[in-house]
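Participant: Got a structure for you, questions after.
Throughout, read-outs are computed from the coordinates displayed, never taken from laboratory work. Here the structure is a predicted model, which is why all the values come from computation and not from measurement. All Cβ positions, even for glycine, are placed from backbone atoms using ideal geometry, and neighbour counts span all protein chains on display.
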Amino acid sequence: MVIFNDAEMFSRFLWIMTGIAVIVFFSLYRINAGYGIMYDKKWGGTVNNRLGWILMEAPVFIVMLICWLLSERTFQTVPLIFFIIFQTHYFQRSFIFPMLFKTKSRMPIFIMLMGVLFNTLNGLMQGGWIFYVSPADMYTIEWLTTPQFIIGTIIFIIGMGINLHSDYIVRHLRKPGDHNHYLPKGGFYDYVTSANYFGELTEWLGWAILTWSFAGTVFFIWTFANLVPRANTIYKKYQTMFPEMQNKKLKRVIPFIY
């Protein structure tokens, strides 16, 4: 792709994505993304939640795979490690996580398509940087001993652990046949109402650090812009649904802060 052959054009692409993320952040404080607990028929036609999730998340896995396969850096050690880290998350998120859904909820097709668009572009951002645009002498084997890689990888693993554990808690809130909503408890849900989002924020902060890249930072900015306003919406929804929220000192998504 031409964008991968022109570092300046790729940089403009990243700046445009950053600007859109800022717009999304403020927009989501005014508009509720109508899926999950915030499902709303006003978003129009829907698709099965499991299918919608796979179709929404899989593009980033596929685009990253294509970027890797077509690159001359396919088997360079550090880019390959980046690839494995990234794809481990998205294999679980695209193909395992949806299979664990216990409810028969619906996802608006519009929301799904927006997810498809972003995940495709994000695959181009991350794969483009790692396998094409980054300086050829940046990610040498010595990168594995840098503070950026070591600290970032630790943060990423911690975030993924929080995310997986939080999803486990939510999946086991209901017994078979129960369609009621419950306030999650345990793990980081003792500190925030959206512990799964906190885990994902932590993951992609780690990714931005371990790659030490503008592309990784833009992904973290997008994650923040998408999840923090949604965590605020969920927090307010829980306040109306669960009276016990009044006696808890829970934050929305970042423990002790917000």
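Participant: Can you sort LEU250, LEU183 from fewest to most other Cβ atoms within 10 Å of each residue's own Cβ?
Facilitator: The most exposed by this proxy come first: LEU183, LEU250.
Participant: Nearest 20 debye, what's the magnitude of the dipole of region 121-193 about its Cα centre given +1 on Lys and Arg Cβ and -1 on Asp and Glu Cβ?
Facilitator: That gives a dipole near 420 debye.
Participant: Can you tell me the dipole magnitude for the chain around its Cα centre, using point charges on the Cβ only (Lys, Arg +1; Asp, Glu -1), in Debye to the nearest 20?
Facilitator: For the chain, the charge dipole is close to 1420 debye.
Participant: Between HIS179 and ALA136, how many nm apart are label points set 7 Å from Cα along the C-beta direction?
Facilitator: Those two pseudo-labels are separated by 6.1 nm.
Participant: Only residues of region 198-238 count here: report those whose backbone N is under 12 Å from the spot 7 Å along Cα→Cβ of ILE16, or say none.
Facilitator: Counting backbone N atoms under 12 Å from the label point, the list is empty.
Participant: Now for a separate question. Hey, can you list the DSSP H helices of the chain whose Cα span along the axis is 27 Å or longer and whose average Kyte-Doolittle score is at least 1.0?
Facilitator: 7-27, 49-70, 109-128, 147-171
Participant: Would you be so kind as to identify which of MET112, TYR197, ILE157 lies farthest towards the positive end of the dipole of region 2-247, taking Lys and Arg as +1 and Asp and Glu as -1 on Cβ and the Cα centre as origin?
Facilitator: Checked the options; the winner is MET112.
Participant: Additional query: Helix-only estimate, please: 222 nm mean residue ellipticity of the chain, summing -39500 (n - 2.57) across DSSP H runs of length 4 or more and dividing by its residues, to the nearest 500.
Facilitator: -20000 deg cm²/dmol
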